[in-house]
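Note sheet for the following structure.
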Amino acid sequence: MDCILETQELTKEFKGFVAVDKVNLRVKRGSIHALIGPNGAGKTTCFNLLTKFLIPTSGKILFDGRDITQEKPAQIARQGVIRSFQISAVFPHLSVLENVRVALQREMGTSFHFWKSERSLQTLDARAHELLDAVDLQQFAALPAVELSYGRKRALEIATTLAMDPKLMLLDEPTQGMGLEDVDRIRQLIKKVAASRTVLMVEHNMSVVSSIADTITVLQRGATLAEGSYAEVSKNPAVIEAYMGSASVELKGAH
């Protein structure tokens, strides 16, 4: 299997509490891989380890066959590991187009040149419009980002993530807090952008996970409980038990 990301016995302890416990994750290149589990299962801690916001207590992280365990967030971002967060992170008073253009400045090496003239940045407009088209936001290009609906803000965040040309996109709860229409839009968008790259996502919405994830890893108490396709993990007795209550109903009813 051609893995773009692999963890070996990945472990994180906080003063004796084991938040991530010897996790061996293998994310196949070109796939959508979902990380799920009950609240407190260690999903976000695992994401923070993968994106270097936390340093593991032990274990290894390999990206594209290279050991990145001790590298810093900016170093792995330059290699193509790009993360979105649970909370929408856009510049509210810039236009939708300008938000994407700011992300594209990285390629020009002018990310911090805020004094650059408007004309010098217009060379980025064609690519910015392409990205807006990819996430169905072209008609909102001139609108201040603050005026977008919540779901469309998340779509804009995906466009700015794509602007950094990721090899691996890590999406943290991409549909959290959304209505059904927005959830469906983001689900379709993730599937679309994953056609040419790899996506690893933490997601609570089982209807999203069941419809787009190629592989699902279930965490419980920081350890891997099960892994496989949705059809496999949703029938796993240990997974059903872990999701007792409303989550188990959702898990079984999300075909």
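The values are calculated or read from the model by the stated rules, or taken from the named source; none is laboratory data. Quantities reported herein were computed from a predicted structural model and do not represent experimental measurements. Using ideal geometry, Cβ is built from the backbone for each residue, glycine included, and neighbour counts are taken over all protein chains shown. SASA here: full protein model, heavy atoms, side chains in, ligands and nucleic acids out. Shrake-Rupley method; radii C 1.70, N 1.55, O 1.52, S 1.80 Å.
Rounded to two decimals, what ratio of Rg to Rh does the chain give with C-alpha atoms and a Kirkwood Rh? A ratio of 0.98. The charge dipole of segment 120-182, taken about its Cα centre with unit charges on the Cβ of Lys, Arg, Asp and Glu (plus for the first two, minus for the last two), comes to roughly 120 debye. Highest mean first, the peptides 33-43, 186-196, 139-149 sorted by other C-beta atoms within 10 Å per residue fall in the order 33-43, 186-196, 139-149. Note on the chain: GNM, Cα springs under 10 Å; of Phe14, Phe91, Phe63, the largest mean-square fluctuation is that of Phe14.
Taking every full run of DSSP H in the chain, the ones that stretch at least 18 Å from end to end by Cα along their long axis and average -0.5 or higher on the Kyte-Doolittle scale are 96-108, 150-163, 180-193.
In the context of the full set of protein chains, residues of the chain present 48 Å² of accessible surface per residue (probe radius 1.4 Å, heavy atoms only). Taking Cα centre as origin and charging only the Cβ of basic (Lys, Arg, +1) and acidic (Asp, Glu, -1) residues, the dipole magnitude of the chain rounds to 440 debye.
Using just its DSSP H runs of length 4 or more, each adding -39500 (n - 2.57), the chain gives a mean residue ellipticity at 222 nm of -10500 deg cm²/dmol after division by all residues. Solvent-accessible area assigned to carbon and sulfur over the chain amounts to 54 percent, based on a 1.4 Å probe.
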